[in-house]
Amino acid sequence: MDRLLLGVDLGGTKGLLGLFEADATRPLLQLRYACADFDGFEPMLARFLDDAAARLGGAVRPLAACIGLAGPVAAGRARMTNLPWTLEAGPLRRRFGLGPVRLVNDFVAAAAGVDALGPGEIRTLQPGQAQAGVPRVIFGPGTGLGVATMFPVGRRWRIAGGEGGHVGLAPRSETELEFWRWLHRLHEGRVSAERALSGPGLISLYRFLLERDRIDADALLDADDPAAAISSTALAAGADPRGAVALRAAAALDLFASMLGAFAGDLALLLLARGGVYVGGGIAPRVLDPRRSACFLEGFLDKGRHTGLLAGMPVRLVTEPALGLLGAGAIAAGRASVPVARRRREAAPI
């Protein structure tokens, strides 16, 4: 049990933890925990190690660990963006008797998992023509909005994280401009892309449409998970929604998908991601049905003189929900790399 590797995908809502054998791309064991059940990451990890020991028949002390988390990382320390949790590599290593501990942004981990995907875990939104020796970009909405870039170095990918979800939101139509103004009033200032393109963003978009139409509220906002209720109502309505609630839900999801595509197109232009644009996260695989995939591509290709440039880029939807966990396992095993300067900063405290 002391030759296993620990991989973690930690977001604002859930933590997915897994144990990998050193040469394996898939976990020997993986368990999911709700962040709301814990007051920090250390109690979650303690629970996982106890559960793993019970299932595997012995105490687990991983040889190395990689924790992909939703927030910026520096010098082996990270404060999560959408949770009041702080993680530090050194204390984690000492408390749990771990080997080297790596903290990385959750979309760095997601990027590291891309090459482990099988044919049934990825869906083509736009075929394009993937080129060798050029960047890829991966992004996705969930509780927040994550972004990472993959740069080819020899036969491997070097992965650069960032906080691309916090760039400014760029409206493209009168409706989107009205929504931007609504968000600006709501948040009393700057509007980032994540304010619109996330689970909370979908709820905000739906509220905006209600207020615009002078409707106080409806049952979808009273659901335990309003974002899931909005998206499931829209998806259940199919291509021809009937009824006021279904029409509003469909309009919200259509606009969400189009704005998400426009954001993806901006990333693709910024990085000239001719190696591929990958859409991940917890929301996109559930909502990009044929209708919303078309909305997404409409936004993606709405780039004026550069529409033709983007039409040649492959766009893939990742449907494997454990992508970040697979990537964390790959980083723990040394099969993926992040920039040297960042690696040194994150390794120093342990």
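The values are calculated or read from the model by the stated rules, or taken from the named source; none is laboratory data. What you see is a predicted model; the values in this text were computed from it and never measured. For neighbour counting, all protein chains shown are included, and Cβ atoms are generated from backbone atoms with ideal geometry for every residue, glycine included.
Within the stretch 13-40, residues that are touching a residue at least 24 places away in the same chain (Cβ under 8 Å) reach partners that are surrounded by 15 or more Cβ atoms within 10 Å (Cβ to Cβ) and of a type in the set (Lys, Arg) with beta carbons closer than 7 Å, at six or more positions or on different chains, in the pairs Cys35/Lys14.
Selection of the stretch 136-160 for residues being within 12 Å of the chain's Cα centre (by Cα) and either over 14 Å from Gly265 (Cα atoms) or assigned by TED's automatic domain parsing to the domain that holds Ser204 (or both) yields Pro141, Gly142, Thr143, Gly144, Leu145, Gly146, Ala148. Restricting attention to the stretch 208-253, the residues that are touching a Leu at 6+ places or on another chain (Cβ under 8 Å) and charged (D, E, K, R) add up to 3. Looking at this structure, is Ala160 closer than 23 Å to Val279 by Cβ, touching a Phe, Trp or Tyr at 6+ places or on another chain (Cβ under 7 Å) and at pLDDT below 95? Here the answer is yes, as Ala160 does meet what is asked.
So Asp9 fits all but one of (1) modelled with pLDDT under 95; (2) part of a strand (DSSP E or B); what number is the exception? With (1) modelled with pLDDT under 95; (2) part of a strand (DSSP E or B) applied to Asp9, the lone miss is (1). Of the candidates Gly261, Gly275, the single residue that is under 27 Å from Ala109 (Cα atoms), in contact with a helix residue (DSSP H, G or I) (Cβ under 7 Å, 6 or more places away or on another chain) and modelled with pLDDT of 95 or more is Gly261.
Within the stretch 152-159, one or more residues are crowded, with 24+ Cβ neighbours inside 10 Å and touching a residue at least 24 places away in the same chain (Cβ under 8 Å). Restricting the stretch 85-111 to residues that are part of a helix (DSSP H, G or I) and charged (D, E, K, R), the residue that is nearest to Arg156 (Cα to Cα) is Asp106. All of (1) surrounded by fewer than 17 Cβ atoms within 10 Å (Cβ to Cβ); (2) outside any helix (DSSP H, G or I) hold for Leu269 with one exception: (2).
If you filter the stretch 92-141 down to residues that are of a type in the set (S, T, N, Q) and farther than 14 Å from Ile67 by Cα, you find that the one that is surrounded by the fewest Cβ atoms within 10 Å (Cβ to Cβ) is Gln129. Residues of the stretch 222-243 that are part of a helix (DSSP H, G or I) and either more than 26 Å from Gly144 (Cβ to Cβ) or at pLDDT 95 or above (or both): Pro226, Ala227, Ala228, Ala229, Ile230, Ser231, Ser232, Thr233, Ala234, Leu235, Ala236, Ala237. Scanning the stretch 178-221 for residues being closer than 19 Å to Ala249 by Cβ and part of a helix (DSSP H, G or I) gives a total of 20. Residues that are assigned to a loop (DSSP other than H, G, I, E, B), in contact with a helix residue (DSSP H, G or I) (Cβ under 7 Å, 6 or more places away or on another chain) and over 18 Å from Glu163 (Cα atoms): does the stretch 66-84 have at least one? There is no residue in the stretch 66-84 that is assigned to a loop (DSSP other than H, G, I, E, B), in contact with a helix residue (DSSP H, G or I) (Cβ under 7 Å, 6 or more places away or on another chain) and over 18 Å from Glu163 (Cα atoms). Selection of the stretch 272-287 for residues being among the small types (Gly, Ala, Ser), surrounded by 24 or more Cβ atoms within 10 Å (Cβ to Cβ) and either within 25 Å of Ala228 (Cα to Cα) or without any contact (Cβ under 8 Å) to a residue 12 or more places away in the chain (or both) yields Gly280, Gly281, Ala284. Glu188 meets the conditions (1) among the acidic types (Asp, Glu); (2) out of contact with any strand residue (DSSP E or B) (no Cβ under 7 Å at 6 or more places or on another chain); (3) within 20 Å of Val147 (Cβ to Cβ) in every case but one. The failed one is (3).
Kindly provide the set of residues from the stretch 89-130 that are touching a Pro at 6+ places or on another chain (Cβ under 6 Å) and at positive phi, ordered by number. Result: Gly128, single match. Is it the case that Gly133 is of a type outside the set (Val, Ile, Thr), on the phi > 0 side of the Ramachandran plot and over 16 Å from the mean Cα position of the chain (by Cα)? Yes, satisfied. Report, ordered by the first and then the second residue, all pairs with beta carbons closer than 8 Å, sequence separation of six or more or different chains, a first member in the stretch 120-131 that is under 15 Å from Arg274 (Cα atoms), and a second member that is part of a helix (DSSP H, G or I) and small (Gly, Ala, Ser). From residues that are under 15 Å from Arg274 (Cα atoms), the pairs are Leu125/Ser293; Gln126/Ala311; Gly128/Ala311.
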